[in-house]
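One structure is given here, and the rest of the page talks about it.
Any read-out appearing in this document is the output of simple, stated calculations on the displayed coordinates, not a laboratory observation. All values derive from a computational prediction rather than experimental measurement. Every residue, glycine as well, gets a Cβ built from its backbone with ideal geometry; the counts of neighbours run over all protein chains shown.
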Amino acid sequence: MTAIGRGGAAVPRVSSAGGRSLLDRVEAVLFRCEAVLVSICLALMLATIVVSVVTRYFALPLPNVAELATVAMAPLTFVGAALCTYLNMHIAIDVAELLPTPFLRRLAHAAATASQVVFSAVFGYVAWEFYAYAAESGERLIDLGTPVAVPGAFMVAGTVLMAFHALADLYRTARGLRHPGRDP
């Protein structure tokens, strides 16, 4: 699945003949949406914490909006994990780089990515159970009455996105294709 480049080095194939594949385009759109959502959540967390501190300091008669920061933590964490999966910037031990051949490095990368798919499936099941309980019970947070199902839904969405990115990476690894977000 790889071509031999200058000096005998293996060069992965490009996704499609000179253009971007449908998978690359879909993943790029998802990546941009994830990045915007995570950025908004971080800004919301910062703003609500500042408002909460100012409210307490000046004893203003405002509700505790710090609950929104807590809720924003779910998409920041779980959609952010999907973002890291796409960028391959998640916590990893790069022992694969020490392996002597490109085939063994690719095999190690595939094994790590497959384990991430398994993790996503297991965590996705747990997240779904939590979300289903929260949605069915109608449980709400104390200060603003935000439904607990909202952060639960972001746990599920982030896990699904993480699994999608990991499966796409596994597909590219198996086919010897370049990742459009990481390769020059």
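Working from Cα positions, state the angle (0 to 90°, nearest 10) between the long axis of helix 149-175 and the longest principal axis of the chain.
That works out to roughly 10 degrees.
For segment 65-82, what does the Karplus curve 6.51 cos²θ - 1.76 cosθ + 1.60, with θ = phi - 60°, yield as ³J(HN,Hα) per residue in whole Hz, taken in order and with x for Gly and Pro?
Values, residue by residue: 7, 5, 4, 5, 5, 5, 5, 5, 5, 5, x, 4, 6, 7, 6, x, 5, 5 Hz.
With no solvent and one point per C-alpha, what does the Debye sum give as log10 I(q)/I(0) for segment 21-175 at q = 0.14, 0.17, 0.19 Å⁻¹?
Reported log10 I(q)/I(0), two decimals: -0.79, -1.00, -1.14.
Return the FRET efficiency for the residue pair R20, A110: r is the Cβ-Cβ distance, R0 is 25 Å, and the value is rounded to the nearest 0.05.
Numbers: r = 22 Å, r/R0 = 0.89.
With a Förster radius of 25 Å, E is 0.65.
Report Rg(Cα)/(2.2 N^0.38 Å) for segment 102-160, keeping two decimals.
Values: Rg = 16.7 Å, N = 59, 2.2 N^0.38 = 10.4 Å.
So the Cα radius of gyration is 1.62 times the expected 2.2 N^0.38 Å.
Sequence-distant or interchain residues sharing an amide H contact under 5 Å with R140, placed H: which?
The list, which skips near neighbours in sequence, is V148.
Rounding to the nearest 10 and keeping the result within 0 to 90°, find how far the Cα-based axis of helix 102-137 lies from the longest principal axis of the chain.
Tilt relative to the chain: about 20 degrees.
Fully extended, how many nm does the chain gain between F58 and D143 (0.36 nm per residue separation, minus their Cα-Cα distance)? Write out the running numbers ahead of the final one.
Details: separation 85, 0.36 × 85 = 30.60 nm, distance 1.89 nm.
Gain on extension, F58 to D143, equals 28.7 nm.
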